[in-house]
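Q: Let me begin by handing over the structure; questions about it come next.
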There are 2 protein chains.
Amino acid sequence: MADPQERLEQTIRVLKDKGCRLTPQRLAMLRILSKSEGHPSAEQIYEQIRADYPTTSLATIYKTLSLLKNMNEVFEITFASVGSHYDGNKPYPHPHLICTKCGQILDPEFGPLAGISQEISRQTGYKITHQQLIFFGLCPKCQKAGQAPE
Amino acid sequence: MADPQERLEQTIRVLKDKGCRLTPQRLAMLRILSKSEGHPSAEQIYEQIRADYPTTSLATIYKTLSLLKNMNEVFEITFASVGSHYDGNKPYPHPHLICTKCGQILDPEFGPLAGISQEISRQTGYKITHQQLIFFGLCPKCQKAGQAPE
DNA sequence: CATCTAATTGATAATGATTATTTATAGAAA
DNA sequence: TTTCTATAAATAATCATTATCAATTAGATG
């Protein structure tokens, strides 16, 4: 896990660079996300924020998440069956381990790419049932089109 | 790709085994899914069905998909940013290649697990930007609990 | 410090995919 | 044919997310 303090400062720097304001609500969110060990959902972030800022709107959470995603300062795990979850500590794609029953999400340590499942199972105690590996990119047609994403 | 005819017959067998009826709408769906080269969404299946059965309801599509999922006769790609898509030809987890612009989904050929992205890029012409690898299973707590999934 | 203005917030409506509900229909079994 | 149950169709409900817009405020400027 990256140093939360450092992540926080980095994100603040990026926000300022882009001319974005640092509101109290945003700062509170950045604090939560810079740790974000539990890969919180928007709803969970919302609940945490409301402890300090009871009037905060869920819309603000979503808007700020969207902003941070565009700056690559938060990574969204958009797997449908668990809903969207966010990682502001490691804001880039990486493998995840999801409990299909309770929805807990872990970041397995991840060295070589062979015998992985077994290794992860040993590390975490999870009984691994299946995995999903998805590659993203631009198909040849879209590369040629060279237009903005829809 | 598996032989669509064989997949169709296999799925029909499983349905009968479970005492499910083979209605015209279902048969039409099974035909589409046994090919399902394009990994269609529920909406896309709906449109295809309506060519032959104009009164078919979207709810029926969803119910049948749910039925087939439970029998492992269709695999659901539940990645949020592209919505749910279905594969009735290879009804088990496998890697996918998704164009982040047009949403096209391919099944890359997939041998060893090293130098994969580069290999896939060569095969398909995609420019690969990132990937997502997700492991699923039961966390230690849920294994002990031994209850039905929520 | 006071003023100004665009960025942001909060409240709420809208959206869109999926699920639930309810009534009608259609094969299978008696 | 009658009865029974699975399924279909139509539609309402749900739920996460996004859009809208008036009110507020961060932060620059004087």
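The values are calculated or read from the model by the stated rules, or taken from the named source; none is laboratory data. Just so you know, these numbers come straight off a predicted model, no measurement behind them. Positions of Cβ are generated from backbone atoms using ideal geometry, with glycine treated the same way; all protein chains shown enter the neighbour counts.
Q: Going through the range B:48-84 one residue at a time, which ones are more than 11 Å from DNA strand C (Cβ to nearest atom) and among the charged types (D, E, K, R)?
A: Those that are more than 11 Å from DNA strand C (Cβ to nearest atom) and among the charged types (D, E, K, R): B:ARG50, B:ASP52, B:GLU73.
Q: Restricting to the range B:82-93, and then to whatever is at pLDDT below 85 and surrounded by 16 or more Cβ atoms within 10 Å (Cβ to Cβ), can you tell me which residue is farthest from the other protein chains (Cβ to nearest Cβ)?
A: Pass one, the range B:82-93, residues at pLDDT below 85: B:82-83, B:93.
With surrounded by 16 or more Cβ atoms within 10 Å (Cβ to Cβ) added as a condition, the list becomes B:82, B:93.
On the way: B:VAL82: 9, B:PRO93: 5 Å.
Checking each candidate, the answer is B:VAL82.
Q: Hey, any hits in the range A:86-97 for a residue that's over 21 Å from A:ILE134 (Cβ atoms) and touching an Asp or Glu at 6+ places or on another chain (Cβ under 9 Å)?
A: Within the range A:86-97, the subset over 21 Å from A:ILE134 (Cβ atoms) is A:88-89.
Then drop every residue that is not touching an Asp or Glu at 6+ places or on another chain (Cβ under 9 Å), which leaves A:88-89.
Within the range A:86-97 (the criterion being over 21 Å from A:ILE134 (Cβ atoms) and touching an Asp or Glu at 6+ places or on another chain (Cβ under 9 Å)), the answer is yes, since at least one residue qualifies.
Q: Has the range A:55-71 got any residue that is under 21 Å from B:ILE134 (Cα atoms), under 16 Å from the mean Cα position of the chain (by Cα) and buried (at least 20 other Cβ atoms within 10 Å of the Cβ)?
A: First pass over the range A:55-71, keeping only residues under 21 Å from B:ILE134 (Cα atoms): A:69.
Going one step further and asking which of them are under 16 Å from the mean Cα position of the chain (by Cα), we end up with A:69.
Restricting the remaining residues to those that are buried (at least 20 other Cβ atoms within 10 Å of the Cβ) gives none.
Checked against the condition, which is being under 21 Å from B:ILE134 (Cα atoms), under 16 Å from the mean Cα position of the chain (by Cα) and buried (at least 20 other Cβ atoms within 10 Å of the Cβ), the range A:55-71 yields no hits at all.
Q: Of everything in the range B:5-31 that's out of contact with any Asp or Glu (no Cβ under 9 Å at 6 or more places or on another chain) and away from DNA strand C (no atom under 15 Å from the Cβ), which residue is farthest from B:THR55 (Cα to Cα)?
A: Filtering the range B:5-31 for residues that are out of contact with any Asp or Glu (no Cβ under 9 Å at 6 or more places or on another chain) and away from DNA strand C (no atom under 15 Å from the Cβ), the one farthest from B:THR55 (Cα to Cα) comes out as B:GLU6.
Q: Here's a follow-up. Filter the range B:8-27 down to residues that are within 12 Å of DNA strand D (Cβ to nearest atom) and crowded, with 19+ Cβ neighbours inside 10 Å and give me whichever is farthest from B:GLU73 (Cα to Cα).
A: B:ARG26
Q: Continuing with the same structure: Here are the criteria: (1) surrounded by 17 or more Cβ atoms within 10 Å (Cβ to Cβ); (2) of a type outside the set (S, T, N, Q); (3) at pLDDT 80 or above; (4) touching a Gly at 6+ places or on another chain (Cβ under 9 Å). Tell me which single one B:LEU106 does not satisfy.
A: Failing condition for B:LEU106: (4).
Q: If we scan the range A:72-81, do we find a residue that is surrounded by fewer than 16 Cβ atoms within 10 Å (Cβ to Cβ), more than 9 Å from DNA strand D (Cβ to nearest atom), within 13 Å of the chain's Cα centre (by Cα) and within 14 Å of another protein chain (Cβ to nearest Cβ)?
A: yes
Q: Another question, then. Identify all residues within the range A:109-133 that are facing chain B (nearest Cβ under 7 Å) and modelled with pLDDT of 80 or more; write none if there are none.
A: A:GLY125, A:TYR126, A:LYS127, listed by residue number.
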